[in-house]
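A.B. asks: Take this structure first; my questions come after.
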Amino acid sequence: MKYAYVLAAMLCGLFVGCSEEKKEPLPDLPPVEIPADVFGFYSGRMPCDDCNQRGVDMDLFKDGTVQAVQMTLKDSVQVDTLRGTFVFADSIVKVCLSDNSIQWAFKRDRVGNLAFMKLGDVYRDADGMKAVLVRFYKKIK
């Protein structure tokens, strides 16, 4: 008799466990709107472990793409033009350049400049200074 109860319980468990639930498709989320004043030209210095100095000029375009010109000073100046995409959420701009080989994160301050982030916090050098890309409202030619 115990065998019949155990067998009935196992069959009920198998039936309940294998029942197929139809899942409704998730609703489409509205697109995240990027504030109009995020787009534009930024310029400044960024930290560099293996060089003397690194300057970056960066354009954020309305279609979500970015173009960055990076000038690295070692023994000589090396200029690289990098292209990629960016996303904006919660006052943070995340930039992915050169097929995701370079990823930068910036925190947007109250005046619109971008402060470089490292390990989830705003980067500060040995003197306590932030690495900031300043927003220019008219691109320097």
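Every number in this text was worked out from the coordinates using simple rules, so none of it is lab data. Keep in mind that this is a model prediction, so the values were computed, not measured. Please note: Cβ atoms are built from the backbone with ideal geometry, for glycine as well, and neighbour counts cover all protein chains shown.
A.B. asks: From the square roots a ≥ b ≥ c of the eigenvalues of the alpha-carbon gyration tensor of region 40-136, which class results: rounded (a/c under 1.5), prolate (a/b over b/c), or oblate?
C.D. replies: The shape class here is oblate.
A.B. asks: Shifting gears a bit: Between Thr85 and Arg124, what is the label-point separation in nm under the 7 Å Cα-to-beta-carbon projection?
C.D. replies: 3.5
A.B. asks: Further, regarding this structure: Give the relative contact order (percent, whole number) for region 40-136; include only Cα pairs under 8 Å separated by 6+ residues.
C.D. replies: The normalised contact order for region 40-136 reaches 23 percent.
A.B. asks: With each label point set 7 Å from Cα along the Cα-Cβ vector, what nm distance links Asn113 and Val77?
C.D. replies: Computed distance between label sites Asn113 and Val77 equals 2.2 nm.
A.B. asks: Could you tell me which of the pairs Lys74/Lys139; Lys62/Lys139; Lys94/Lys118; Lys118/Lys139 are separated by over 21 angstrom between their Cα atoms in the structure shown?
C.D. replies: Lys74/Lys139; Lys118/Lys139
A.B. asks: Can you work out the Karplus-derived ³J(HN,Hα) for every residue in region 44-57? Use 6.51 cos²θ - 1.76 cosθ + 1.60 with θ = phi - 60°, whole Hz, and x for glycine or proline.
C.D. replies: Values, residue by residue: x, 9, 10, x, 8, 7, 10, 8, 6, 7, 9, x, 9, 10 Hz.
A.B. asks: Then there is this: Using 0.36 nm per residue of separation minus the Cα-Cα distance, give me the extension gain between Lys94 and Lys23 in nm, one decimal.
C.D. replies: Difference between extended and current length: 22.2 nm.
A.B. asks: Could you list Phe106, Phe86 so that the one with the fewest beta carbons within 10 Å of its beta carbon is first and the one with the most is last?
C.D. replies: Phe86, Phe106
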